[in-house]
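J.: Sharing a structure below in structure tokens format, with a few things to ask.
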Amino acid sequence: MVPLSWYLIFAAALFSIGMFGVLSRRNAIAILLGVELMLNAVNINLAAFWRYGNVLHMAGQVFAVIVFAVAAAEVAVGLALVISVYRRRNTVIADEIDLMKW
Amino acid sequence: MSFWNDPLKVAADWLLGIFTGWGMPVPAANILIGFLGVLILISILMVLDIGLVWVERKVVARFQDRIGPNRLGPFGLIQPFADIIKLMIKEDTTPGGADKVVYNIAPMLSMMSVLILWAVVPLAPTILGVDLNIGVLYIIAAGAIGTLSIIMGGWSSNNKYALIGAFRQVAVMISFEIPMLATLLIPTILAGSMGTAAIIERQDVWYVLLSPLGALIFLVAAIAELGRAPFDLAEGESELVSGYNIEYSGMKFGMFYAGELLHAFTFGGFWAILFFGGYRFLGLEQVSPFLAIAVILFKAFIGYWLIMWVRYTLLRIRIDHMLAFNWKFLTPLAFTLIIVTALMHALLSGTPAWLYLAGMFLSNILVAWSALEIARSYSRREREKVDGKKAVEVGH
Amino acid sequence: MTGEQIIFLVVAFVTLFAGLMVVTARNLVHAALWLVAALFGVAVTYALLHANFLAVVQVVVYIGAIAILFIFAVMLTRKDMRDQGPQMNKNWWLGAALAVLTFGGLYLMLQGWSGMSRTAAVYPSGFDAVAELGNELVSPAGYVLPFEVASVLLVAALVGAVYVAFNRK
Amino acid sequence: MNPWVFVGLFFLVGLIIPLGAIGVAWILGPKKPNPIKQTTYECGIETVGDSWVQFKAQYYIFALVFLIFDVETVFLFPWAVKLGALGLFAVIEGIIFILILVAGLVYTWRKGMLEWA
């Protein structure tokens, strides 16, 4: 039997990798890839707590399902923003998108 | 005698006895037996696939008023084996500039996405790979891997035709996945379960009688998902030569080709499982599991034959027409059908069986009829708009 | 070490490796394909946890839809996809340090928690988690409001995304 | 035992068999590459540039609409499983869910985003 700690450490590692991607990639699409990893790490935790808590209470799975919806919405809007910026300014490099910076 | 009633269990028990006799722990032995069973099933499927090559060529020839393969062996039966040998000893070229790893993985994933579908196909009451309680969604999940293999193959070939073909194919596949998902909801609602085994068990009346429209939409979406004519625009020979697999040769092309044939047959099988009672036919499945297997394979073959019939009769549809047909007609229709089915199911459950059947059937016919009427009046208005414009231009 | 533990370790290792490749690959299509591998690993993790519905939905939604959307987006923004130039910004070491710190902090926090070594009860046979999930999602005592709001959220995302990216003016 | 073990076996064998077939073909087939043979096949015309041509934005729109509908339809499956036992109230909730979804489709349609041109 796998102890709960393994799942949690695995999720923490995946979360950190995703965070590294978000913080250090230049390409806006690559940043969104990192965000996906972070959301998945959260979902592993939710599923693990559902399984290791009371299986008959579905709260963990319900939350995970809602996270799926949030992830889909995030990707849809995020990528639409990237493409919109690309069409106007011809770049997807996050550093160069600095219209709102002063 | 018991072997003929439950061959899988008898064989598994016999093997389990042997393996544990060798001092193997029971779970490991079970997994080994499962592995052997899967290996045998998939080997049979591959042999069946070779047979399908012959069937496809023979049937297309008949549809086109030709004879088809007739030189090698009786009725050209040895032809597919000659094809295989030819694919085996052909040089396997890789285009320069191709992404080698992705290029080589794609055909394997394509074949795998078809083979794993058989995990949830119940062949007889006792012969079933895995009874997952999400069996219906598993079909879509396997399809997702197939979609991925197409985009990988198209992108890694470093060929414009391949990439454009892959994009078109993927656009069609994902679009038609929505009506397919929607029609998969209908057997789920009627059976109250997503498991394929449970859907067959509870199918005392073929679901095609309860939802003829659902069965039809599923077939259309399945043909699009398979990328066969009239939805084979990735192949558009005149523009794209062969689509995403243009650069593949030898066995790797063979994997795409064989995967497509087996996929068509598999979807014939799923059509039978979801709407035509699977292995059930007049109680034959109670007599012997082998009869049940024969029944489901026969039904799957009928579905496959229908898909071939459509393929070799209809013309290819243009991509904009196809996507418009999906998003503006099929998807709204499928969602309307779910709403109607759910409502009728809730209202009529508890009423006599004949009333339930009649209500379901008539509501389906009504939805189909009104959808056709709306489409007809819409197209008439569009036509009048165009004609009116022309009349004005002529008047000038 | 039981079979399940070995499977978990293999899956976790592959997933983390794929995750690392996602954030370091130079070619963005490769990054997206590595993301598919990582997401598939997460789906296997759900399967190990007996969360059948989550496992299939992970494959259907993430691999079948989100990964495809990513690949399409990469193809559309082609000018920046040449593999030249640095793929990391100049503060990448700060990001790396923060990531390591986060992982270390989470790890230490978890070490101090008593529920860490908990093992799961035997999965009740005959318990249909999917039906129970359906019950929870639509029963008024359950999560009916989040369920409906999720639908509103998705439609809002659709409207917003279509408007932002492709407003024809 | 976890039923997914056997699904895993299907994945494993499903990979081994095509791998075996391609491997045998690789062993049996000749291997004589040359630059002409490895050129990209474009109907005999010399290839210009790489394959990364500009794509229609419409592909992205359809993928976007698909993503939203995919997620929402998948959510309906647990509802459909439990439908028989829950009665009319749950049916109406599901219908509201579908109608919100259809509203999104109608919006995209009216905005002219479902046109290919």
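The values are calculated or read from the model by the stated rules, or taken from the named source; none is laboratory data. Only a predicted model underlies this, so the values are computations on that prediction, with no experimental measurement involved. No Cβ is skipped: glycine too gets one built from the backbone with ideal geometry, and neighbour counts run over all protein chains shown.
J.: It is to be established whether one or more residues within region D:27-41 are closer than 30 Å to B:Ile42 by Cβ, at pLDDT 85 or above, assigned to a helix (DSSP H, G or I) and within 30 Å of the chain's Cα centre (by Cα). Before the answer, list the steps.
T.: Going through region D:27-41, the residues closer than 30 Å to B:Ile42 by Cβ turn out to be D:27-31.
Retained after the next criterion (residues that are at pLDDT 85 or above): D:27-28.
This time we only want the ones that are assigned to a helix (DSSP H, G or I), so: D:27-28.
Applying the additional criterion that residues be within 30 Å of the chain's Cα centre (by Cα) yields none.
Looking through region D:27-41, none of the residues is closer than 30 Å to B:Ile42 by Cβ, at pLDDT 85 or above, assigned to a helix (DSSP H, G or I) and within 30 Å of the chain's Cα centre (by Cα).
J.: One residue is enough: does region A:84-93 have a residue meeting the conditions buried (at least 21 other Cβ atoms within 10 Å of the Cβ), at pLDDT below 80 and of a type outside the set (Ser, Thr, Tyr)?
T.: There is at least one residue in region A:84-93 that is buried (at least 21 other Cβ atoms within 10 Å of the Cβ), at pLDDT below 80 and of a type outside the set (Ser, Thr, Tyr).
J.: Test B:Ile273 against the criterion of being within 19 Å of the chain's Cα centre (by Cα) and either of a type in the set (A, V, I, L, M) or surrounded by 19 or more Cβ atoms within 10 Å (Cβ to Cβ) (or both), and give yes or no.
T.: Working: within 19 Å of the chain's Cα centre (by Cα): yes; either of a type in the set (A, V, I, L, M) or surrounded by 19 or more Cβ atoms within 10 Å (Cβ to Cβ) (or both): yes.
Yes: the conditions hold for B:Ile273.
J.: Regarding A:Asn40, is this residue out of contact with any Gly (no Cβ under 6 Å at 6 or more places or on another chain), at the interface with chain C (Cβ under 7 Å from one of its Cβ atoms) and free of Cβ contacts under 8 Å to residues at least 40 places away in the same chain? Outline the logic, then answer.
T.: Numbers: out of contact with any Gly (no Cβ under 6 Å at 6 or more places or on another chain): yes; at the interface with chain C (Cβ under 7 Å from one of its Cβ atoms): yes; free of Cβ contacts under 8 Å to residues at least 40 places away in the same chain: yes.
So A:Asn40 passes the test.
J.: Look through region B:188-231, keep the residues that are under 24 Å from B:Pro332 (Cβ atoms), of a type in the set (Gly, Ala, Ser) and at pLDDT 85 or above, and return whichever of them is surrounded by the fewest Cβ atoms within 10 Å (Cβ to Cβ).
T.: B:Ala215
J.: Here's a check for you: in region A:14-35, which residue that is without any contact (Cβ under 8 Å) to a residue 12 or more places away in the chain and of a type in the set (Gly, Ala, Ser) is farthest from the other protein chains (Cβ to nearest Cβ)? Explain how you work it out, then say what you get.
T.: Looking only at region A:14-35, we keep the residues that are without any contact (Cβ under 8 Å) to a residue 12 or more places away in the chain, and these are A:16, A:23-24, A:30.
Subset that is of a type in the set (Gly, Ala, Ser): A:16, A:24, A:30.
On the way: A:Ser16: 4, A:Ser24: 4, A:Ala30: 6 Å.
Looking at residues that are without any contact (Cβ under 8 Å) to a residue 12 or more places away in the chain and of a type in the set (Gly, Ala, Ser), I get A:Ala30.
J.: While we're here: Taking the stated definitions as given, is B:Leu357 closer than 19 Å to D:Leu101 by Cα, in contact (Cβ under 8 Å) with a residue 40 or more places away in the chain, within 28 Å of the chain's Cα centre (by Cα) and part of a helix (DSSP H, G or I)? Steps first, answer last, please.
T.: Numbers: closer than 19 Å to D:Leu101 by Cα: no; in contact (Cβ under 8 Å) with a residue 40 or more places away in the chain: yes; within 28 Å of the chain's Cα centre (by Cα): yes; part of a helix (DSSP H, G or I): yes.
So B:Leu357 fails the test.
Condition check ((1) under 30 Å from B:Leu357 (Cα atoms); (2) outside any helix (DSSP H, G or I)) across all residues:
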residue: B:Leu123; (1), (2): yes, yes
residue: B:Tyr138; (1), (2): yes, no
residue: B:Ile150; (1), (2): no, no
residue: B:Ile164; (1), (2): no, no
residue: B:Met180; (1), (2): yes, no
residue: B:Leu184; (1), (2): yes, no
residue: B:Ile189; (1), (2): yes, no
residue: B:Ala198; (1), (2): yes, no
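J.: Tell me, please, whether a residue that is surrounded by 14 or more Cβ atoms within 10 Å (Cβ to Cβ), away from every other protein chain (no Cβ under 14 Å) and either touching a Phe, Trp or Tyr at 6+ places or on another chain (Cβ under 8 Å) or not in a helix (DSSP H, G or I) (or both) can be found in region B:374-387.
T.: Start the filter on region B:374-387 by keeping residues that are surrounded by 14 or more Cβ atoms within 10 Å (Cβ to Cβ), which leaves B:375.
Restricting the remaining residues to those that are away from every other protein chain (no Cβ under 14 Å) gives B:375.
Checking the rest, the ones that are also either touching a Phe, Trp or Tyr at 6+ places or on another chain (Cβ under 8 Å) or not in a helix (DSSP H, G or I) (or both) come to B:375.
For region B:374-387, residues surrounded by 14 or more Cβ atoms within 10 Å (Cβ to Cβ), away from every other protein chain (no Cβ under 14 Å) and either touching a Phe, Trp or Tyr at 6+ places or on another chain (Cβ under 8 Å) or not in a helix (DSSP H, G or I) (or both): present.
J.: Another one. Identify, from the list B:Leu333, B:Leu315, the residue that is within 15 Å of B:Leu219 (Cα to Cα) and more than 17 Å from the chain's Cα centre (by Cα).
T.: On the way: B:Leu315 fails: within 15 Å of B:Leu219 (Cα to Cα).
Selected residue: B:Leu333, the only one of B:Leu333, B:Leu315 that is within 15 Å of B:Leu219 (Cα to Cα) and more than 17 Å from the chain's Cα centre (by Cα).
J.: Give the residue that is nearest to the other protein chains (Cβ to nearest Cβ), with candidates limited to residues of region C:140-151 that are aliphatic (A, V, I, L, M) and within 22 Å of the chain's Cα centre (by Cα).
T.: C:Ala150
J.: Another one. Within region B:87-101, how many residues are crowded, with 20+ Cβ neighbours inside 10 Å and part of a helix (DSSP H, G or I)?
T.: Residues in region B:87-101 being crowded, with 20+ Cβ neighbours inside 10 Å and part of a helix (DSSP H, G or I): 1 in total.
J.: Additional query: Working carefully through the options B:Val55, B:Val47, find the one that is surrounded by 12 or more Cβ atoms within 10 Å (Cβ to Cβ), assigned to a helix (DSSP H, G or I) and either at pLDDT 80 or above or not assigned by TED's automatic domain parsing to the domain that holds B:Ile302 (or both). First the steps, then the outcome.
T.: On the way: B:Val47 fails: surrounded by 12 or more Cβ atoms within 10 Å (Cβ to Cβ).
Step by step, each of B:Val55, B:Val47 is checked, and only B:Val55 is surrounded by 12 or more Cβ atoms within 10 Å (Cβ to Cβ), assigned to a helix (DSSP H, G or I) and either at pLDDT 80 or above or not assigned by TED's automatic domain parsing to the domain that holds B:Ile302 (or both).
J.: Residue by residue through region A:1-13, note down the ones that are touching a residue at least 40 places away in the same chain (Cβ under 8 Å) and either at the interface with chain C (Cβ under 7 Å from one of its Cβ atoms) or among the hydrophobic types (A, V, I, L, M, F, W, C) (or both).
T.: Looking only at region A:1-13, we keep the residues that are touching a residue at least 40 places away in the same chain (Cβ under 8 Å), and these are A:4, A:7-8.
Within region A:1-13, A:Leu4, A:Leu8 qualify.
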